[in-house]
């Protein structure tokens, strides 16, 4: 199987793009080794908070750019986001449940790159993704066609991880607690 996403390389600069957004192509071990080094230096809680905020902002930005690039809106953008994450090798993402009007969703992740790259390591290894899903859900709600936000601000967490012995990871998106 060949990659299912478009990759363009500028012959003058070497910059890779997909859907007009610049990309980096790095080996999984390189990314994971850097990720775990920062995790060890900062501690999981501090690092998870930083990644949540950065991931939220990045997902929101990505959804906005992709919606315009492909002429899609609403949950179709969220679904496209998870499809692109799957196509880029993070794992296989699905949305078995979603209700933007209540800011709720459940995302399942099979074959997580973080679990595969750290055999034998236990715990919630995929927390990096949590902010991504809240950012994508908030983008869906903030861009509702009638101009009215559909649901309250959202929060996302890794509810379970394959590294804890489950057959896949699960993320839950829910309304942000006041």
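Things worth noting here:
- Within a Gaussian network of the chain (alpha carbon springs, distance under 10 Å), most fluctuating of 103, 112, 58: 58
- The stretch between residue 33 and residue 54 holds 5.7 nm of extra length on full extension. This uses 0.36 nm per residue minus the Cα-Cα distance.
- Helical mean residue ellipticity (222 nm; -39500 (n - 2.57) per DSSP H run of 4+; nearest 500) of the chain: -13500 deg cm²/dmol
- Fluctuation leader among 30, 78, 114 - the chain, Gaussian network, Cα springs under 10 angstrom: 30
- Entry for Rg and Dmax of the Cα atoms in Å (calculated from the structure that is shown) out of (i) 14.9, 46; (ii) 16.4, 50; (iii) 15.5, 52: (ii)
- Distance from region 130-178 to region 68-88 (C-alpha centre basis), Å: 15 Å
- Taking other C-beta atoms within 10 angstrom as a stand-in for reagent exposure, 108, 122, 49, 66 fall in the order 122, 49, 108, 66, fewest first.
- Residue order, fewest to most surrounding Cβ atoms within 10 angstrom, among 16, 62: 16, 62
Laboratory data are not the source of any read-out in this text; all were calculated from the coordinates shown. Everything quoted here is computed from the prediction, not taken from an experiment. Heads up, the Cβs are rebuilt from the backbone with ideal geometry, glycines too, and the neighbour counts pull from every protein chain shown.
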